[in-house]
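The values are calculated or read from the model by the stated rules, or taken from the named source; none is laboratory data. Source: prediction; values computed, not measured. Neighbour counts are summed over all protein chains in view; Cβ atoms, including those assigned to glycine, are modelled from backbone coordinates with ideal geometry. The accessibility values were calculated without ligands, DNA or RNA, using every heavy atom of the protein model including side chains. Shrake-Rupley method; radii C 1.70, N 1.55, O 1.52, S 1.80 Å.
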Amino acid sequence: MSKRIAIVAGSGILPLILAKGLEDQGKNPFLIILRGEGDKRLYRFEHCELPIFDFSGLIHSLKMARVRRVVLAGGISCRPQLRDLCRNGWILLKAFPKIFTALGKGDDTLLRALITLIEGYGFHVLGAQEIFPDLLAPKGILTKVTSSKHDKCNILLAAEAARRLGELDIGQAAVAVGGRVVAVEGAEGTDNMLDRVLWMRSKGSIPRKGGGLVKVMKLTQDERVDLPTIGPKTIENAYKAALSGIAVEAGHTLILNLEETIKIADEYTMFIETL
């Protein structure tokens, strides 16, 4: 096995950022692109394409590429079903009980089961931040605008709600407006949650503007996968939802394209700060 890194690429721009970053360092990443999820720009790298949760294909591809280190990056839009697992043959026999149990629980449980499966075949799963530490949110106020007294109240409320969500392995984010929690993240993800906030504003259910989005890591989360993440798209959607800003956990949140993210927030006079 070489020191080459494989990226199992789901949706979003994180897989692309990692692949480009490795390429800029003179390294040649190997991409395993999840069918129907990966960004089209990933296909210029050496790659193979697999259906989601084709475990046999995944292990075989990693062996053929002669890699030892693996990064799981990006999201998936469709949670696997039992029938999908039954199509994957002998490689699931020793892992089936754990995977089967994880299917009935939250995403964190399922991802930890997947990591256990991959590492059971001699591979080492890394977090994106282990390769590029600069992806982690730095501590402090990152924008020109700072949160007001009312904003801080909303942040504290949303942070508490997000932490309780994490304890139940449901989601990582919450929104508070006008001194009450108005939205929490479920299986639909942060962007769709923000769409609901916009919808509530249009119906007059909540004040027309103000409030904050908070994202925190789940209490029992494996930090190698699915860390809370924000980026330019998050800022755009938070602005459309008329929020005042965003708060995240320093050192436990990925900020994609940090300079661009801060620039957009400054243009919208929104705050980004850490808890």
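For (1) among the aliphatic types (A, V, I, L, M); (2) surrounded by fewer than 19 Cβ atoms within 10 Å (Cβ to Cβ), each residue gets a yes or a no:
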site	(1), (2)
VAL225	yes, no
ILE230	yes, no
ALA241	yes, no
VAL248	yes, no
ASN257	no, yes
THR261	no, no
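When you check VAL175 against the structure, is it touching a helix residue (DSSP H, G or I) at 6+ places or on another chain (Cβ under 8 Å) and either modelled with pLDDT of 95 or more or crowded, with 20+ Cβ neighbours inside 10 Å (or both), yes or no?
In short, yes.
Table: residues versus (1) without any contact (Cβ under 8 Å) to a residue 24 or more places away in the chain; (2) farther than 30 Å from VAL125 by Cβ; (3) open to solvent by 10 Å² or more (accessible area, probe 1.4 Å); (4) assigned to a helix (DSSP H, G or I).
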position: CYS153; (1), (2), (3), (4): no, yes, yes, yes
position: ALA159; (1), (2), (3), (4): no, no, no, yes
position: ARG163; (1), (2), (3), (4): no, no, yes, yes
position: ASP191; (1), (2), (3), (4): no, no, yes, yes
position: MET200; (1), (2), (3), (4): yes, yes, yes, yes
position: THR220; (1), (2), (3), (4): no, no, yes, no
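List the number of the failed condition for LEU213; all other conditions in (1) among the aliphatic types (A, V, I, L, M); (2) more than 14 Å from GLU273 (Cβ to Cβ); (3) open to solvent by less than 60 Å² (accessible area, probe 1.4 Å) hold.
Result: LEU213 passes all but (2).
Right, THR143: buried (at least 17 other Cβ atoms within 10 Å of the Cβ), touching a residue at least 24 places away in the same chain (Cβ under 8 Å), of a type outside the set (A, V, I, L, M, F, W, C) and part of a loop (DSSP other than H, G, I, E, B) or not?
yes
For the stretch 29-76: of the residues being assigned to a loop (DSSP other than H, G, I, E, B), in contact (Cβ under 8 Å) with a residue 24 or more places away in the chain and open to solvent by 70 Å² or more (accessible area, probe 1.4 Å), which is nearest to LEU110 (Cα to Cα)?
Ranking the qualifying residues of the stretch 29-76, first place goes to ILE76.
Conditions (1) among the basic types (Lys, Arg); (2) modelled with pLDDT of 90 or more; (3) in contact with a strand residue (DSSP E or B) (Cβ under 7 Å, 6 or more places away or on another chain); (4) under 30 Å from ASN192 (Cβ atoms), marked per residue:
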{"position": "ARG44", "(1), (2), (3), (4)": "yes, yes, no, yes"}
{"position": "SER56", "(1), (2), (3), (4)": "no, no, no, no"}
{"position": "ARG69", "(1), (2), (3), (4)": "yes, yes, yes, no"}
{"position": "SER77", "(1), (2), (3), (4)": "no, no, yes, yes"}
{"position": "PRO80", "(1), (2), (3), (4)": "no, no, no, yes"}
{"position": "ILE99", "(1), (2), (3), (4)": "no, no, no, yes"}
{"position": "THR146", "(1), (2), (3), (4)": "no, yes, yes, yes"}
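Search the stretch 246-268 for residues that are under 21 Å from LYS152 (Cα atoms) and pair each with any residue that is open to solvent by 60 Å² or more (accessible area, probe 1.4 Å) when their beta-carbon atoms are under 6 Å apart and the residues are at least 6 apart or on different chains.
Pairs that qualify, where the first residue is under 21 Å from LYS152 (Cα atoms) and the partner is open to solvent by 60 Å² or more (accessible area, probe 1.4 Å), are ALA247/LEU275; GLU249/LEU275; ALA250/LYS139; ASP266/LYS144; TYR268/TYR239.
List every residue pair whose Cβ atoms sit under 8 Å apart, with the two residues 6 or more apart in sequence or on different chains, where the first one lies in the stretch 224-237 and is part of a helix (DSSP H, G or I) and the second, anywhere, is of a type in the set (D, E, K, R) and open to solvent by 60 Å² or more (accessible area, probe 1.4 Å).
PRO232/GLU260; ASN237/ASP195
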